[in-house]
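**Student:** Dumping the structure here so I can ask a few things about it.
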Amino acid sequence: VRGLAGAPEDQRAALAAFDRWPTWMWANEEVVDFARWLRAHNGGLAEEERVGFHGLDVYSLWESLREILVHLREHDPAEVPTALAAYRCFEPHGEDPQEYALATRFVPAGCENEVVDLLARLRGQAAADGAGRFGAWQNAEVVAGAERYYRSLVGGGQPSWNVRDRHMDDTLDRLLAHYGPGSKAVVWAHNTHIGDARATDMAASGLVNLGQLARERHGADRVVLVGFGAHRGTVIAGDAWGADQRVMPVPPARDGSLEDELHHTAPGEALFVFPPGHDRPDLLTTALAHRAIGVVYHPERERLGNYVPTVLGDRYDAFLWFDETTALRPLRTRRVDVFEPETYPSGV
């Protein structure tokens with residue numbers, strides 16, 4: 001999207017290479033259209049003013065390690081042994097995160113020491129030359145975040161959720177600093193990551209999320225959290241982690257839920273911007289069940305779950321409403337390998 005040397009002319013070529021389940025999350029026609037628009041937008045700007053497109057999550061540990069090795073071999077050969085030490089620590093696990101997570105039961109530190117050493121070196125180099133070494137530094141942060149994430153999986157789902165969202169928050173802050181004073185970011189993620197966790201039952205379970213952390217770090221007056229909702233329609237999902245993707249029906253929302261209320265009172269498509277202050281309508285201050293659909297979905301069981309108690313006006317600053325939603329158009333339909341263990345909670 002930034003039109004740098006060596007980039008493919010067609011964004012479809014880059015997205016078609018994305019082969020990590022669930023591929024449809026990014027490798028779809030809607031992202032192709034957006035990426036083409038963004039490249040055209042960037043075409044009229046100086047290189048330092050162009051908008052980037054970055055990932056925030058902890059996935060791609062092994063891919064990131066390989067990118068670090070390529071970078072160091074070309075730019076810092078003396079640091080290659082440090083990266084190789086980290087790579088060889090993970091290598092016996094055959095790029096299987098589940099196997100690595102289980103191995104840390106018996107060796108609690110796992111590859112932590114090697115990763116910390118690698119990260120410290122690349123962090124220092126990036127500070128000295130942010131533009132030239134930022135990519136290698138960010139890949140090292142992904143390796144460190146992924147190592148913590150996989151290790152936390154052994155203890156159960158909830159700690160691993162917090163590791164992921166804190167990693168995303170740190171990455172967002174690092175990107176804003178990299179782009180310089182006055183830079184802005186638009187983050188695309190599920191409602192469960194974006195909407196402030198303190199306005200849901202997540203907080204009672206000790207969970208935090210990106211929306212909450214961004215408000216805490218940058219100030220609520222500098223962050224706009226936007227939620228999405230729909231009453232019915234279709235969605236792409238799998239019926240189990242790693243299952244084939246398929247178009248599934250989204251049944252009409254549960255009686256008394258937020259989506260049910262909006263279905264009966266709102267236009268078919270609407271943007272709601274919530275006013276500050278205390279004089280707010282009940283819709284913004286009452287806890288209502290708010291639907292959450294994840295990459296694993298069972299429409300027939302939806303009324304038994306998939307709803308998060310939510311105080312709408314506290315969870316978001318604005319809300320995009322579509323009475324009927326339509327599934328994404330994936331670039332591919334063939335089955336792909338599953339490189340990652342199931343995230344918590346995959347259903348939302």
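**Student:** By the scheme Lys and Arg +1, Asp and Glu -1, what is the net charge of all other residues having a beta-carbon under 13 Å from that of Gly305?
**Tutor:** Computed value for this residue: +1.
**Student:** Pick from Arg121, Arg280, Arg315: which is most flexible by mean-square fluctuation in a GNM of the chain where alpha carbon atoms under 10 Å apart are linked?
**Tutor:** Result: Arg280 has the largest fluctuation of those listed.
**Student:** Calculated from the structure, volume of the Cα convex hull per residue in Å³ equals which of [x] 151; [y] 164; [z] 257?
**Tutor:** Among [x] 151; [y] 164; [z] 257, the one derived from this structure is [x].
**Student:** Of all alpha-carbon pairs in region 251-323, indicate the percentage at a distance above 19 angstrom.
**Tutor:** When all Cα pairs of region 251-323 are counted, 36 percent exceed 19 Å.
**Student:** Give the angle, between 0 and 90 degrees and rounded to the nearest 10, that separates the Cα long axis of helix 61-75 from the longest principal axis of the Cα atoms of the chain.
**Tutor:** With rounding to tens, the tilt is 40 degrees.
**Student:** Can you give me the % of accessible surface on the chain that is carbon or sulfur? Probe 1.4 Å, all protein chains present, nothing else counted.
**Tutor:** Roughly 54 percent, rounded to a whole number.
**Student:** Taking the chain as the reference, fit the longest principal axis to its C-alpha atoms, fit the long axis of helix 157-179 to the helix C-alpha atoms, and give the angle between the two in degrees, 0 to 90, nearest 10.
**Tutor:** Computed tilt is about 70 degrees.
**Student:** What size of dipole, in debye to the nearest 20, comes out for region 217-320 about its Cα centre when the only charges are +1 on Lys and Arg C-beta atoms and -1 on Asp and Glu C-beta atoms?
**Tutor:** 240 debye
**Student:** Also, quick follow-up: Given +1 on the Cβ of Lys and Arg, -1 on the Cβ of Asp and Glu, and no further charges, what dipole in debye does the chain carry about its Cα centre, rounded to the nearest 20?
**Tutor:** Dipole about the Cα centre, nearest 20: 120 debye.
**Student:** Could you list log10 I(q)/I(0) for region 16-81 at q = 0.22 Å⁻¹, which the Debye formula gives when each Cα is one point scatterer?
**Tutor:** Treating every Cα as an identical point scatterer, log10 I(q)/I(0) equals -1.01.
**Student:** Where the only charges are on Cβ atoms (+1 Lys, Arg; -1 Asp, Glu), what is the dipole of region 157-225 about its Cα centre, to the nearest 20 debye?
**Tutor:** Approximately 140 debye in magnitude.
**Student:** Same structure again: Where does helix 130-153 land angle-wise versus the long Cα axis of the chain, in degrees 0 to 90, nearest 10?
**Tutor:** Between helix and principal axis, roughly 70 degrees.
**Student:** Using +1 at the C-beta of Lys and Arg and -1 at the C-beta of Asp and Glu, which of Leu4, Leu38, Pro81 has the Cα lying farthest in the positive direction of the dipole of the chain?
**Tutor:** Pro81
**Student:** Which peptide among 196-203, 226-233, 293-300 comes first, and what is the full order, when sorted by highest mean count of other Cβ atoms within 10 Å?
**Tutor:** On the way: 196-203: 20.8, 226-233: 19.2, 293-300: 17.5.
Packing order, densest peptide first, comes out as 196-203, 226-233, 293-300.
**Student:** Give the residue from Ala237, Asn209, Pro267 lying farthest towards the positive end of the charge dipole for region 168-271; charges sit on Cβ (+1 for Lys and Arg, -1 for Asp and Glu) and the dipole is referred to the Cα centre.
**Tutor:** The residue sitting most towards the positive pole is Asn209.
**Student:** What accessible area per residue comes out for region 187-239, rounded to a whole number of Å², with a 1.4 Å probe?
**Tutor:** Heavy-atom accessible area per residue stands at 42 Å².
The values are calculated or read from the model by the stated rules, or taken from the named source; none is laboratory data. As the structure is a prediction and not an experimental result, all values here were calculated from the model. Quick reminder, even Gly has a Cβ in these numbers, built from the backbone with ideal geometry, and neighbours come from all protein chains shown. Surface accessibility is based on the protein's heavy atoms, side chains included, excluding ligands, DNA and RNA. Shrake-Rupley method; radii C 1.70, N 1.55, O 1.52, S 1.80 Å.
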